[in-house]
Every structure is written in structure tokens, then in C-alpha cells.
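**Student:** Got a structure here, written out as C-alpha cells. Questions coming.
What follows draws every value from the coordinates through simple rules; no lab data is involved. None of the values given here were measured: they were computed from a predicted structure. Every residue, glycine among them, receives a Cβ derived from its backbone with ideal geometry; neighbour counts consider all protein chains shown.
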Amino acid sequence: MYKKISSKIVFKHSRLLVEEDEVLLGSGKKIKYLRYGYPGDGVVIIAKNNIGQTLFVNEYSYVQNKKMLQLPMGKIEKEEDVLIAANRELQEETGYKAGKLLQIGSYYQNYRRSNNKGFVLLATDLEIKSSVIKADVEEDDIQNVWLSAEELALHIKDGSITDSDTLSSLQIYEQLYK
């Protein structure tokens, strides 16, 4: 077992926290261990319509400098319930509200360096909302894309869906519902 001796914040921002721990290994050796993440966990929403299509968003990613297909997702605010966060994020990014939400799984987003979890939710009984919840400022050019199972498989195969949160969430869904 590792034992934390000390910890210090290296960098703090509303979207990123970097900490460096001094750790004592089981062998007696001391090392520095870097941890990072954002304050809070996240939700990833698999929204299905009544004909079995899955709702994706086509959203610009600054870091990759391209538009990327991904599932609707976002941060759970402090003290916010997972189901409320999922419906809020779904509405912010797509304009849809789920009549039914079911948490179907979770995963660590980077278990070696972070304790952030992604909670995967299945959203059904969707209705378009006339009043959209205001999204984050960088979410100004998002398009909804409905994909059939066959189209989704082709996008994964050709490498046009590469986001790890999306792929992890789809795998959880696949294991439970196929």
C-alpha cells in the first residue's frame, strides 16, 4: 500500500486542479505522485429516441482544433444530484429534456491520476424544450446528430468518434442492453 506523506496544490483553476503528493511506497521508497482533475464528477448521457437512435452532439474541441462527435456530457455542480445534472446538461447541449433517466454505470475518467468519475445515464421519453437552459460560454456552436446503431458503428470504425468518455459510456450501455 502507498501512504501519502504530504500534498500540495500545484495549480488551481475552476476547470482544473493539479496536486503533487509525496508518497511512501510499500518498499520504503519515497516518490512524488502527480494527481489532476476538475473539481467534481461528470455525467454522460445516452439519449435514445423512440426509434432507437442515439443523440450525439457535434461540438468544436479547442485542444484538438476540430469538431468532434460525442455524447452530451458535463460537470456535476457542487451538491447537485446526478439525475438533475444529467437533465440540465442534456438541455444545455441539445435542447432536449428526458422524461426518464436511469443511471446505468460509472467509470473513473483517469484512474491513475484522478478520482473523477463519469456517471453514465440512459435518457428516454425525450421532449424538446422551447426554453433552452443557458449553456457554458464555449458551447456556442453545437449541432444535434441522431445516429442509428449501424451509423454509430461506422463512425467508431472510421475513427470519427474518439472521445474516451463517449466510448466508455457506449461500452457500458452495450454490455447491459445488447
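**Student:** Take the chain, connect every pair of alpha-carbon atoms lying under 10 Å apart with a spring to form a Gaussian network, then pick out the residue of 16, 126, 90 with the largest mean-square fluctuation.
**Tutor:** Fluctuation is largest for 16.
**Student:** Please work out the C-alpha center-to-center distance from the range 2-21 to the range 37-93 and express it in whole Å.
**Tutor:** Comparing the Cα centres of the range 2-21 and the range 37-93, I get a distance of 26 Å.
**Student:** Does a label point 7 Å from the Cα of residue 113, set along Cα-to-beta-carbon, have any residues of the range 8-25 with amide nitrogen under 12 Å, and which are they?
**Tutor:** Counting backbone N atoms under 12 Å from the label point, the list is 17-19.
**Student:** A follow-up question, please. Pick from 99, 42, 74: which residue has the top mean-square fluctuation in a GNM of the chain where Cα pairs under 10 Å get a spring?
**Tutor:** Ranking 99, 42, 74 by mean-square fluctuation puts 99 first.
**Student:** In whole Hz, with x marking every Gly and Pro, tabulate ³J(HN,Hα) for the range 95-106 from phi via Karplus 6.51 cos²θ - 1.76 cosθ + 1.60, θ = phi - 60°.
**Tutor:** Result, rounded to whole Hz: x, 9, 10, 8, x, 10, 10, 9, 6, 10, x, 7.
**Student:** Using a basic spin-label model with each label point 7 Å from the Cα along Cα→Cβ, how many nm lie between residue 103 and residue 80?
**Tutor:** Once both label points are built, they end up 1.5 nm from each other.
**Student:** What stretch of the chain, leaving out the sites themselves, is the longest with no chymotrypsin sites (Phe, Trp or Tyr not before Pro) in a DSSP loop having at most 13 other Cβ atoms within 10 Å?
**Tutor:** Numbers: sites that count: 2, 62, 111.
Excluding the exposed sites themselves, the longest stretch runs over 112-178.
**Student:** What are the ³J(HN,Hα) values, in whole Hz, obtained from phi via the Karplus relation 6.51 cos²θ - 1.76 cosθ + 1.60 with θ = phi - 60°, for each residue of the range 48-64 in sequence order, with x given for Gly and Pro?
**Tutor:** 10, 8, 6, 10, x, 6, 10, 8, 10, 10, 9, 10, 5, 10, 4, 5, 7
**Student:** Under a GNM of the chain (C-alpha, springs under 10 Å), which listed residue has the highest mean-square fluctuation: 112, 35, 88?
**Tutor:** Most flexible of the set in this elastic network: 112.
**Student:** Can you tell me, using C-alpha contacts under 8 Å and at least 6 residues apart, the relative contact order of the chain as a whole percent?
**Tutor:** Averaging sequence separation for qualifying contacts and normalising by length gives 22 percent for the chain.
**Student:** If you don't mind, there's one more thing I want to ask. If you project the alpha carbons of the chain onto the principal axes, what extent comes out on each, in Å, largest first?
**Tutor:** Result for the chain: principal-axis Cα extents of 58, 34, 32 Å.
**Student:** Further question on the same structure: Tell me, what is the Rg over Rh of the range 1-67, with Rh the Kirkwood radius over Cα pairs?
**Tutor:** Ratio of gyration radius to Kirkwood radius: 1.23.
**Student:** If exposed GluC sites (Glu not before Pro) are those in a DSSP loop with at most 16 other Cβ within 10 Å, what is the longest stretch of the chain that has none?
**Tutor:** 1-76
**Student:** With axes computed from alpha carbons, what is the tilt in degrees of helix 164-177 against the longest principal axis of the chain, rounded to the nearest 10 within 0 to 90?
**Tutor:** Around 60 degrees separate the two axes.
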